[in-house]
4 protein chains.
Amino acid sequence: MKFNPDKIKEATKADFDAAWNAGKKYVSSPGINEKYPRASLKYGKPHPVFDTIQRLRDAYMRLGFLEFMNPIIVEDRDIHKQFGYEALAVLDRCFYVGGLPRPNVGISDERIAEIKTILGDVSDEGIEKIRQILHSYKKGEIEGDDLVPEIASELKVPDSKVAVMIDHVFPEFKSLVPVSSQNTLRSHMTSGWFISLGEMIDYQKTPLKLFSVDRVFRREQAEDATRLMAYYSASCVIMDENVSVDDGKAVAAGLLSQFGFSNFTFRPDEKRSKYYVPDTQTEVFAYHPKLVGSKTKYKDGWVEVATFGIYSPSALSQYNIPYPVMNLGMGVERLAMILHDSTDVRALTYPQFQYKTGWVMSDSEIASMIYCECRHRLQSKPRS
Amino acid sequence: MKFNPDKIKEATKADFDAAWNAGKKYVSSPGINEKYPRASLKYGKPHPVFDTIQRLRDAYMRLGFLEFMNPIIVEDRDIHKQFGYEALAVLDRCFYVGGLPRPNVGISDERIAEIKTILGDVSDEGIEKIRQILHSYKKGEIEGDDLVPEIASELKVPDSKVAVMIDHVFPEFKSLVPVSSQNTLRSHMTSGWFISLGEMIDYQKTPLKLFSVDRVFRREQAEDATRLMAYYSASCVIMDENVSVDDGKAVAAGLLSQFGFSNFTFRPDEKRSKYYVPDTQTEVFAYHPKLVGSKTKYKDGWVEVATFGIYSPSALSQYNIPYPVMNLGMGVERLAMILHDSTDVRALTYPQFQYKTGWVMSDSEIASMIYCECRHRLQSKPRS
Amino acid sequence: MKFNPDKIKEATKADFDAAWNAGKKYVSSPGINEKYPRASLKYGKPHPVFDTIQRLRDAYMRLGFLEFMNPIIVEDRDIHKQFGYEALAVLDRCFYVGGLPRPNVGISDERIAEIKTILGDVSDEGIEKIRQILHSYKKGEIEGDDLVPEIASELKVPDSKVAVMIDHVFPEFKSLVPVSSQNTLRSHMTSGWFISLGEMIDYQKTPLKLFSVDRVFRREQAEDATRLMAYYSASCVIMDENVSVDDGKAVAAGLLSQFGFSNFTFRPDEKRSKYYVPDTQTEVFAYHPKLVGSKTKYKDGWVEVATFGIYSPSALSQYNIPYPVMNLGMGVERLAMILHDSTDVRALTYPQFQYKTGWVMSDSEIASMIYCECRHRLQSKPRS
Amino acid sequence: MKFNPDKIKEATKADFDAAWNAGKKYVSSPGINEKYPRASLKYGKPHPVFDTIQRLRDAYMRLGFLEFMNPIIVEDRDIHKQFGYEALAVLDRCFYVGGLPRPNVGISDERIAEIKTILGDVSDEGIEKIRQILHSYKKGEIEGDDLVPEIASELKVPDSKVAVMIDHVFPEFKSLVPVSSQNTLRSHMTSGWFISLGEMIDYQKTPLKLFSVDRVFRREQAEDATRLMAYYSASCVIMDENVSVDDGKAVAAGLLSQFGFSNFTFRPDEKRSKYYVPDTQTEVFAYHPKLVGSKTKYKDGWVEVATFGIYSPSALSQYNIPYPVMNLGMGVERLAMILHDSTDVRALTYPQFQYKTGWVMSDSEIASMIYCECRHRLQSKPRS
């Protein structure tokens, strides 16, 4: 409650103890619903994955790396340049992007009649305008989302009526089938690095240390506790004459130490990707004290968190890059799971789970929820 | 140079002035190439776009919003649920995702001969193994990138030979044509918000304040100084019984003030998207002192930076959401351009320009470089 | 307003256009006081000085420096070790710290009487307890703020009464005069660096790169537009055999580039501090585009922002440090002023100005306010 | 090693497998000393205390608080205004600041002779200049650190000689004894809050939510595993008509939840400070899962981390503040210790321990090191 300082000054001077005790009556006593914990304070919360992204950006920059943005849409011929004979196997895991063609529509007398029933009496001139607009739409002169407004304004009728009209009169629009292009969504950051390094080779000096934390996409049969079709990759490259496998080890240790990992071992990766020099592809295992005895499957504290290798001159040459390149990459969601004791990546990324369970749910819990709640969405099969 | 403290202590005690002056000889004088500015210090650098993302995340969290991750792959039927009759126009701007089918291959005697010439003498058993592996690959039991290693390990031959073999013996793989699915890449965050709010409606309390800064994709005829096919959207929602247009204005002002914008005006958006309640879609114009007299086209200091509106109950109902929802969104690259005096978004995002010109290039400069340097890539036409 | 999704689904199916328009009635229209801009959104705001501190920490860490905490209370003999004959001049600018002595009080019969009038009838035992407590307080066994509670609990009387009693019965407490010790508050970070490097010399390897952004204190005649008695210093050291003046230039450039400074010049400092090797003390002038034409006194864009030098072996030897050390330091408030167009540091740091004027006030404005508003506080003269 | 892309392109085309394997020879194999782990990557590291400060700033801002800077030098009469009869007990724990007086020196013939022996033959005019400079120094017209340079430039002799001269000829300077003022260093942030709120009361609207994380000083008999004489306090205030104890609970929970604390209890504080309304002073106990079974003394997971209360109108009135004020404060080092499993605050803050043991050392380890290594410094007794 507000009070009068002068009055209280006097009172305090007259009798400190009495005045001090009287202070109580100016303190509010809220109703039961305004009481804590009912009345809690809302505050801005970071999402574990995006929070981990930010921590990774800091960690890379504290290692002296420059942040970079790589192409996310990559032509399939780039995959061929990078993977050689392996390309088809890789492309099998890639999403291709495409879109709807634009129909070539004619306006018969019958359709003119329908148009008039829906839009009201439209003059021949009006019909002609519709014809022209549909034509320049087909030619790509008008964007899809301008089609309806354009007709509406030209004919001075409500756009919602126009939408209805197109829907009824021109079924061609509804029967459109999307057509795929030769462009893919990068399935790992490497596809972008080759293009980027190739484009910069004429003006960037070595040693060059770049990193990027951004989206990658992988076409899976289905998603599960550890695999998503769209996720974040934290990737870096060091381009230098004298790059070696030890640079990969040093970057891995320098990066992961900043997340509390305290011990590291390195094992040759059985998967021998063609874009790496043979026998340079290495898996990074790191030890995190907080994992010991955790409910994750890494009870012993050891977890595989990253992979690195040296890009093959065979692939680099396709982009006229004359230096060997060390590349290290890791999955952001995987690291976020470790940092948040989460055992199922879907607890972090599926809308129906976020903020529901403190990011932690067992694989089985989620499996059941997926079954009963929203089966269709989570098993989204891009090829069905 | 290293020195002996004890000796210098004595010398200093004996004659401070002399000892002090003698200190010079312990300071290195590096060769011309170790001298500044030649020997400059490398340091970690943030990318303008990702730096702006981080500042937007902070700004939203300082407004009390919770960070959220929305679905990025959205089925086209969701677009229909959200846009009603407008859906087809929107889908025209969407990327559909698809992928390569898996060929059904048989192994003729002729092919067996070819296999043996490439892999060396393979037993009938070996051929049978190849047949089985190709079969389970077709059935999706083996992932594409496991195909080659699988055969290699089963037959104990180098994987590179296997890759060559498949390439020569099974042309079916090379003639594969990608097939599109019914799934799209979200063209704005709204497509994700409807799904997410629908999934959470049973356990989240109102008022609910969420934000997300993440990738969206738009299928353009071509990219230019202000349009990219893949970019970052900074979007938020407030779901509450009593949400109003003024919430949009307050969020816009609260968010943009944190970036130095000091004055705001709001104009009804002519584009009347069907997922917004009519007449609630609003364009936000903001005034930034540093823009005044800048070389951007916002010399007067005013720029259009965001759009907001109230989601239409018609669309919300499709997801069983019983509350009105305020949605505000802005393009991250656009804000990054303003903060970095950049007039062409490609200077921030195309690999051949980053770190070349301090993020600032004129539209024409870039246009010319695009023409001469890497014409094919930048005009990437997903539908060609 | 909340609505019924099922009803609206039907309505939308029946007549999209009508249902869509009907959506308006679910959007709140708040009263004038809930309308923007009256109802604005509160958000968390960083203070310019602490925000600059955080940016400096990031900048140093992106240069690969380790953050360190240095002693803030420094014995005056350390100043002598560091400055030699110059020490007294420096100590003249230092704050010494001291405190109140503890009185030796006796309890006469007269006083016993007074005690009883105030606390009520206290037994001889009670008086004895008071005597003991005062004694162990004198001996430092009881902390000052435990004195009153201790007596209160021992005698089972309200602590406020005890406070009154001590005030009336023991005037010695009121007549206490603070006594100064030989300890000072560091007047620049250097005083801390010498001590810290000396303490670490046996276990830290070179090259060693450390930084600290923390409080320093300078005893001024008075504060003004550019001088505060307590401020933040952003300081770093590089200890290495081969350290040179060019390391100072490189660090200055690497650090300031991260704040938008784009050009640098270096001038020998006329002030030839004895803790630096002669002729190594250098002033850093930096050019910031946004300063050009600003209302600050740096209209030409150039400002002096930092000073560096190589610590003198004469001073280093006093701490048994056998390597030369490059040291660079800058005032945080000064940088914050530049970044916020502020021309008077008091606009950023005095309570009566913060959040009042967007951190910007003219020297004269402030001067006048200081005069009329709170003369006594701002001219606080530690020596009066 | 650098290579020729064209040559390798050919080779790859001719025989992918051979070219791919040949890639190995372009990968460096560093000498033993360049190998990991010997050649590890240096990176910028945050200090636990300053890192915790930054996290606290974020946490407060995500709760919507404004960051503020409070006075750090406080006149002792302010302590009296705030604590009433309790003031002396509090002042007993405060550092007073003071400094060296300036000597009134005369120049006898004898001294003139000495001056000449040291500086070389100085004219009478020169002596007169010295006299004037010493005089205006005494009057405060010349700063202490300008004294030597001033004389040196006036007489055109090296400043080091002047320093020696003053040292020998004017022993008064060496016999100076620091004198204490009536100003103190704040012993908790509250001393600053009262002053700040009083200064702002005429222009700030309620509710007002402010926070500050900054230095406070406490004059202890000695430092130990949990007590430092100079440390960081993270403090906030909410000034509002209707402030209540529940606001303290809500802020405590909202703040600490952001550090992983998941459960909270509140106990009335036995210490009944006079600047709080009686019975509002509350201790906050919080539960942190990671503490369970830790080697700290909080094995059960519960730790006392903060204290809050409502400022007493009796104290507020002294500053003409007419609203009750909730105040919450916590020690930063204490939180940093919890977050880093440290059991002795000196492991985080003493120069001889930092980066030596991963911030973790047992009390006894440190005690022994303190004894042998640097006894004098750590027992720094301000009153000796």
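Summary of values
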{"quantity": "Label geometry 7 Å along the beta-carbon vector: B:Gly106 inter-copy distances in nm", "calculated": "4.4, 12.3, 12.6"}
{"quantity": "Residue-wise HN-Hα coupling along region A:228-240, computed from phi with Karplus coefficients 6.51, -1.76, 1.60 (Hz; x: Gly, Pro)", "calculated": "10, 7, 10, 8, 9, 10, 10, 10, 9, 9, 10, 9, 6"}
{"quantity": "Cα gyration tensor, region A:170-297 - rounded (a/c under 1.5), prolate or oblate", "calculated": "oblate"}
{"quantity": "Accessible area of D:Thr226 in the full protein assembly, 1.4 Å probe (Å², nearest 10)", "calculated": "90"}
{"quantity": "Under the Karplus curve 6.51 cos²θ - 1.76 cosθ + 1.60, θ = phi - 60°, whole-Hz ³J(HN,Hα) for region B:124-138, x wherever Gly or Pro sits", "calculated": "4, 4, x, 4, 4, 4, 4, 4, 4, 4, 4, 5, 6, 5, 4"}
{"quantity": "Cα-based shape type of region A:133-217, given that a ≥ b ≥ c are square roots of the gyration tensor eigenvalues and the cut on a/c is 1.5", "calculated": "prolate"}
{"quantity": "D:Val157, A:Val49, reordered so the largest accessible area comes first (probe 1.4 Å)", "calculated": "D:Val157, A:Val49"}
{"quantity": "Fraction in percent of alpha-carbon pairs per bin - 10 Å, the protein assembly as shown", "calculated": "1, 7, 13, 18, 18, 16, 12, 7, 4, 2, 1, 0, 0"}
{"quantity": "Mean Cα-pair separation over length for chain C, i.e. relative contact order, pairs under 8 Å, 6 or more apart, %", "calculated": "16"}
{"quantity": "Stokes-Einstein D (µm²/s) once Rh is taken as the Kirkwood radius of region B:231-368 over alpha-carbon pairs, at 37 °C in 0.692 mPa s", "calculated": "200"}
{"quantity": "Top of B:Tyr311, B:Tyr60, B:Tyr36 by mean-square fluctuation, Gaussian network on chain B, Cα under 10 Å", "calculated": "B:Tyr36"}
{"quantity": "Cα-only radius of gyration and Dmax that characterise region B:1-134, units Å", "calculated": "36.5, 99"}
{"quantity": "Paramagnetic reach from D:Ser123 (point 7 Å along Cα→Cβ, amide N under 20 Å) across region D:136-153", "calculated": "D:150-153"}
{"quantity": "Solvent-accessible area of D:Ile53 with every protein chain in place, 1.4 Å probe, in Å² to the nearest 10", "calculated": "20"}
{"quantity": "Dipole moment magnitude, nearest 20 debye, region D:22-154 about Cα centre, only Lys, Arg, Asp, Glu C-beta charged", "calculated": "1640"}
{"quantity": "Chain B: most fluctuating residue of B:Ala315, B:Ala11, B:Ala163 per GNM, C-alpha cutoff 10 Å", "calculated": "B:Ala11"}
{"quantity": "Inter-copy spacing of D:Ser40 label points, which lie 7 Å from Cα along Cα→Cβ, given in nm from shortest upward", "calculated": "3.0, 4.0, 5.0"}
{"quantity": "Copy-to-copy label separations for D:Val292, where each label sits 7 Å from Cα toward Cβ, in nm and ascending", "calculated": "1.8, 5.9, 6.2"}
{"quantity": "Global form of region C:30-109, assessed from the alpha-carbon gyration tensor, a/c cut-off 1.5", "calculated": "oblate"}
{"quantity": "Overall Cα dimensions of region A:22-77 - principal axes, largest extent first, Å", "calculated": "78, 29, 13"}
{"quantity": "Residue among A:Asn327, A:Asn242, A:Asn183 with the largest mean-square fluctuation in a Gaussian network model of chain A, springs linking Cα atoms under 10 Å", "calculated": "A:Asn242"}
{"quantity": "Minimum Cβ-to-axis distance in chain C for the rotation onto chain B, with residue, whole Å", "calculated": "C:Lys290, 4"}
{"quantity": "Spread of Cα-to-Cα distances over 10 Å intervals beginning at zero, given as percent, for region A:1-44", "calculated": "23, 34, 21, 20, 2"}
{"quantity": "When region A:101-176 is reduced to its Cα atoms, the Kirkwood hydrodynamic radius in Å", "calculated": "12.3"}
{"quantity": "Theoretical ellipticity at 222 nm over chain C - DSSP helices of four or more residues, -39500 (n - 2.57) apiece, nearest 500", "calculated": "-11500 deg cm²/dmol"}
{"quantity": "Where D meets A: accessible area buried, both sides, 1.4 Å probe, Å²", "calculated": "5500"}
{"quantity": "Extreme residue, positive dipole direction of chain D, given options D:Val277, D:His288, D:Ser187 (C-beta unit charges)", "calculated": "D:His288"}
{"quantity": "In sequence order, calculated HN-Hα J values of region B:255-260 (Karplus, 6.51, -1.76, 1.60; Hz; x Gly/Pro)", "calculated": "6, 6, 4, 6, 10, x"}
{"quantity": "Kirkwood hydrodynamic radius over Cα pairs of chain C, then Stokes diffusion coefficient at 25 °C and 0.890 mPa s, in µm²/s", "calculated": "93"}
{"quantity": "For B:Glu75, residues with placed amide H under 5 Å, excluding near neighbours", "calculated": "B:Thr184"}
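The values are calculated or read from the model by the stated rules, or taken from the named source; none is laboratory data. Note that the structure is predicted; figures quoted are calculated from it, not measured. All Cβ positions, glycine included, derive from the backbone under ideal geometry; neighbour counts span all protein chains shown. To get the accessible areas, we keep the full protein, side chains included, count just its heavy atoms, and leave off ligands, DNA and RNA. Shrake-Rupley method; radii C 1.70, N 1.55, O 1.52, S 1.80 Å.
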